[in-house]
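What follows is one structure encoded as structure tokens, with my remarks underneath.
The values are calculated or read from the model by the stated rules, or taken from the named source; none is laboratory data. Predicted model, so just to flag it, every value in this text is computed and none were measured. Heads up, the Cβs are rebuilt from the backbone with ideal geometry, glycines too, and the neighbour counts pull from every protein chain shown. All accessible areas refer to the heavy atoms of the entire protein, side chains included, with ligands and DNA or RNA removed. Shrake-Rupley method; radii C 1.70, N 1.55, O 1.52, S 1.80 Å.
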Amino acid sequence: MKNRHSGKVLALSLSGLLVLSACGANTAPEETNAPAPDATELMPVLSEALGDDDRLPEGFEPTESYTADALRLLARSSYGDHFVAEGLDGELCLITVAASKEQGADPEVAASTCPPVQHVVENGILLEVTGGESSFEVVTYLLPPDISEQSARDAINKLIPDNHTDLRPPVEILSEDSAVLLVMTSETSQELGEFQLPRPNGDSLTLRPLA
């Protein structure tokens with residue numbers, strides 16, 4: 001399971017960042033005999049009809065892990081556009097297209113990763129986009145479904161008390177389609193370092209910078 005990065009006009013290509021080692025729980029939710037949900041159950045937006053917004057920007061192409069028709073826009077942040085897709089083997093793919101720092105400029109870089117759904121349920125997804133000359137370097141955390149938006153807000157506000165007062169907060173907290181995203185720059189991720197989000201069962205999810 002690898003992050004995939006792209007430059008404009010290039011298909012998203014393989015890179016060497018392992019998500020499993022970057023985003024893990026101290027103790028994952030208790031295992032049950034119930035089968036893992038499929039990607040569309042975890043992310044209902046994947047079952048919606050394809051719309052005009054469900055396309056990568058001009059010059060970007062899907063990877064071999066999912067088709068263009070499987071792509072759905074999940075959320076927009078100040079730092080980029082965030083898509084999901086069901087992978088060809090049933091994985092849940094997360095794709096971030098980094099925003100340009102200059103208003104109105106075309107995007108330069110994107111990244112994607114497609115972990116198994118069971119991994120997403122237990123650990124969420126961590127994705128980083130780097131490499132653009134004038135784009136934000138963006139870290140996106142798709143949180144596992146047992147961590148609520150309010151729980152995430154409470155934890156982030158303890159780390160950054162003024163986070164919610166900024167027009168472009170250091171950590172944007174987005175809740176879309178029953179999914180909670182934390183979006184920030186790579187610099188903010190490094191400054192925060194390792195931090196934890198509480199889980200309903202009393203355990204916690206530990207989030208770490210990629211490098």
Exercise. State which residue is surrounded by the most Cβ atoms within 10 Å (Cβ to Cβ) when the search covers only region 133-168 and only residues that are in a loop (DSSP other than H, G, I, E, B) and without any contact (Cβ under 8 Å) to a residue 40 or more places away in the chain.
Key: 160
Self-check item: Pairs where the first residue, in region 87-98, is on the phi > 0 side of the Ramachandran plot and buried (at least 23 other Cβ atoms within 10 Å of the Cβ) and the second is part of a loop (DSSP other than H, G, I, E, B) and of a type outside the set (D, E, K, R), C-beta under 7 Å, 6+ apart
Solution: none
Quiz prompt | Residue list for region 72-101, restricted to those being hydroxyl-bearing (Ser, Thr, Tyr) and part of a loop (DSSP other than H, G, I, E, B) | solution = 78, 79
Quiz item: Limited to region 117-142, what total is found for residues that are under 14 Å from the mean Cα position of the chain (by Cα) and either closer than 18 Å to residue 76 by Cβ or of a type outside the set (S, T, N, Q) (or both)?
Solution: 16
Exercise. Name, by its number, the condition in (1) open to solvent by less than 30 Å² (accessible area, probe 1.4 Å); (2) modelled with pLDDT of 95 or more that does not hold for residue 116.
Key: (1)
Exercise. From (1) open to solvent by 10 Å² or more (accessible area, probe 1.4 Å); (2) within 23 Å of residue 178 (Cβ to Cβ), pick out the condition that doesn't hold for residue 66.
Key: (1)
Quiz item: Would you say residue 69 is farther than 21 Å from residue 140 by Cα and not in a loop (DSSP other than H, G, I, E, B)?
Solution: yes
Quiz item: Quick one: is residue 176 touching a strand residue (DSSP E or B) at 6+ places or on another chain (Cβ under 9 Å), farther than 25 Å from residue 43 by Cα and not aromatic (Phe, Trp, Tyr)?
Solution: no
Quiz item: In the list 107, 161, 144, which residue meets the criterion of being of a type outside the set (Asp, Glu) and over 27 Å from residue 42 (Cβ atoms)?
Solution: 161
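Considering only residues that are closer than 21 Å to residue 121 by Cα and of a type in the set (S, T, N, Q), look in region 190-211 and name the one that is least open to solvent (accessible area, probe 1.4 Å).
Across region 190-211, the extreme among qualifying residues is 206.
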Self-check item: Matching residues in region 177-189 - criterion: being surrounded by 14 or more Cβ atoms within 10 Å (Cβ to Cβ) and either assigned to a loop (DSSP other than H, G, I, E, B) or polar (S, T, N, Q) (or both)
Solution: 177, 185, 186, 188, 189
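Do we find that residue 46 is modelled with pLDDT of 95 or more, surrounded by 13 or more Cβ atoms within 10 Å (Cβ to Cβ) and closer than 17 Å to residue 81 by Cα in this structure? Break it down into steps so the answer makes sense when it comes.
Values: modelled with pLDDT of 95 or more: yes; surrounded by 13 or more Cβ atoms within 10 Å (Cβ to Cβ): yes; closer than 17 Å to residue 81 by Cα: yes.
Spelling it out, residue 46 is indeed modelled with pLDDT of 95 or more, surrounded by 13 or more Cβ atoms within 10 Å (Cβ to Cβ) and closer than 17 Å to residue 81 by Cα.
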